[in-house]
1. What relative contact order, as a whole-number percentage, does the chain give when Cα pairs under 8 Å and 6 or more residues apart are counted?
2. Based on the Cβ-Cβ distance from residue 115 to residue 339, what FRET efficiency comes out when R0 is 41 Å, to the nearest 0.05?
3. Roughly how many whole Å is it from the C-alpha centroid of segment 304-362 to that of segment 181-206?
4. Averaged per residue, what accessible surface does the chain expose to a 1.4 Å probe, in Å²?
5. Within segment 142-205, what whole-number % of the accessible surface is contributed by carbon and sulfur, with the 1.4 Å probe and all protein chains included in the calculation?
6. At 7 Å along the Cα-to-beta-carbon direction for both residue 609 and residue 428, put a label point, then send me their distance in nm to one decimal.
7. Considering only DSSP states other than H, G, I, E and B, which GluC sites (Glu not before Pro) in segment 177-263 qualify as loop sites with at most 13 other Cβ atoms within 10 Å?
8. Could you tell me which chymotrypsin sites (Phe, Trp or Tyr not before Pro) in segment 224-315 are loop residues by DSSP with no more than 15 other beta carbons within 10 angstrom of their beta carbon?
Amino acid sequence: MKNIKYLFISLLAVLFIACEDDFDTPNVTEPVQGTAPVLEEVTEEIDLVLEKKNEKNAIVELNWSAATYADPIGVRYYIQIDTVGNEFKAPLEFDRVSETTTLITVGGLNTLISSRYAPAKMVELEGRIRAFANEDLNSLYSASFTMKVTPYLDVPVPSDLFMFGTATGAEQVDGALKAYGKDNVFTKYLKLTKDGLFKFSDKQAEDGYDYNFAKFATRSENVEAAGDEAGNFKFTGETGWYAVTADFVNSNLTIAAYESYVSDYPNIYLVGDYNATDPAWSPGTSPEMTRKSEGVYSIEVTLKDGAAFKFINQQNSDGLDWADASSDGNSGIVAPKGKNNNIAFDGADKTYIVTLDLNKGIYKIEEAAIYLVGDATEAGWNIDNAIELKYRSGHNAYMGYIPLKSGNLKFFPVKGSWDNGMGRITDTEDPKGGLLGGENKDIPSTNTTSDFKLYRVAVWFDADAASYKYSILDAEMTLVGDATPADWSIDNGFNMVYAGEGKWTTYVDMNATGGFKFFYETGNWNSGYKEISDGNLSLEGGDPNIATPGAGYYKLTMDTYNMTYTKDLIADKKMFLVGSPNGWDINAGIEMTWDDTNKEWILITDLAADDAFKVFAESGNWDSGFKFKYEMLNFEGGDPNLSTPDGAGNYTIKFSLAKRTLTFTKN
């Protein structure tokens, strides 16, 4: 009886385990039928060009009823996509969803179908819902819906696009040429060279995105794959001027000749309403630009605020024109007639160099300047740190006051570029001035010492010589005239002191009658500035002289860069020593004595070995101090101070503005 009991318990245990297995995984030997999902009708027609920029946008929202099987089993759903008419023989499927609703997005659909369907070509698709419960059960399907879509090649759409390569005027990416972009379509008008290579980037740098041959679905017939590791395009068309269009909506690159190509237009003119001198929008009188090289032209011109202009190839409205590819503005990107807008620029009546480069499809508006480099300059032979000579309209030249030492120098039109450098024409050309160009020799500095001295450096274009010229003169400015102590002695003018930024200053006794002029070169009557209106100067020469401001002691300041001067009557004719000897009290300087015989100031005083000081022209005015800079008396303010020259002792200090000297004699 006991054995029967244990046998019964064992049978129950086996039966329980068997039942538990059946509960976990039913043993289905035949498919269980159920109810297929019913898709809500897609009422709107879907006919869409897919675009990368809209990748997160929804194409359609799908909703359906839940599928049911005979057994209460969890159901999963898949959206299937296939070509219309293929009867879902090879469907593509989105990832499964457990809900009975989902969104098909632009990016999601494009990603799903891009492995099968070519980009930029319309395809007719149909979709349906597949319900799945178990591998042993048949899937159940909804009715299908249709759509027409054009997929895209999935590459990033750039915000900017640059073109470069041997087919263009910019071989390297750091100088790549910017295209004009709107609505994800970029266009560049430029010269292309047959059999040259090119590609695109989203920046002018090596780490930009590489838009090479493989990044476009379709291309025009005049390009082919270069077959190199870089994936370049090869341009197979004839050398000429083309419109290059990179269409990221349709993943298409086209290159089409825009106009009959002329390798070198003989004349290009500037036309518009851009200053107060040239007639507005008058092609017949428009100034001609200077041809720099094939397809490259420039002009030096004053531009006002609100300037508007274009480039034309003949002095009428019947020819070609080029201007900005954008709406009125100054993007620097050129577009041809019928595709451009006026170039708009606020020039503030300054002088600019305007350059048109048809090869690169660009234009530049640069404040007029020439750059100076060389071991005679503070920049050395570092073209990236070249010293700027700005255009001074009053001088009709690029001019500035530049420190130079022994060594050589050269002029360049563009900072950072060694192209088109200008040296003296031959080794025999005077280093102080002459023609530029020719053999393009380095210009030796006239300063033979290792100490920097200040020079007046000027460069200008001589139309008669059809060449640029230069001059390098000692920096000076003198007063000459019977209203001054110098009278009309051009060789012995009353010196002014350099005050920085092209300004010269002096303190001088003026006579009650007479006139005067400022001269930038001793002994040269042609270097004089005359007054053309109150406070405004001209270098034209001749009359009138500047009338005396009246008898008295005046501070005169002359601005060579802006061609102006000021005259301020000073109440007290005095000079002061301010520094360590008086505790740097600007209001209580040690007064110097005026020596009327020698026309100089004198002070006899004790100086400690480590004293520092300056001479000031006005009590209480820190901006009236003199110092030495570049081996000459200077009025710029700031360091360095003067210091005791020869140890502690008693000194006679003499200061002459007329001679521009300051001497110390130990007694």
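The values are calculated or read from the model by the stated rules, or taken from the named source; none is laboratory data. Here the structure is a predicted model, which means the values were calculated and not measured. Cβ coordinates were reconstructed from backbone atoms using ideal geometry, including for glycine residues, and neighbour counts include every protein chain displayed. Remember, those area values only see protein heavy atoms, side chains included, never the ligands or the DNA or RNA. Shrake-Rupley method; radii C 1.70, N 1.55, O 1.52, S 1.80 Å.
1. Here the relative contact order equals 6 percent.
2. 0.60
3. When both Cα centres are located, 21 Å separates them.
4. Ligands and nucleic acids excluded, the result is 48 Å² per residue.
5. That share works out to 43 percent.
6. 5.8
7. 206, 221, 229, 238
8. Here the chymotrypsin sites (Phe, Trp or Tyr not before Pro) that fit, given the DSSP loop and packing criteria, are 261, 281.
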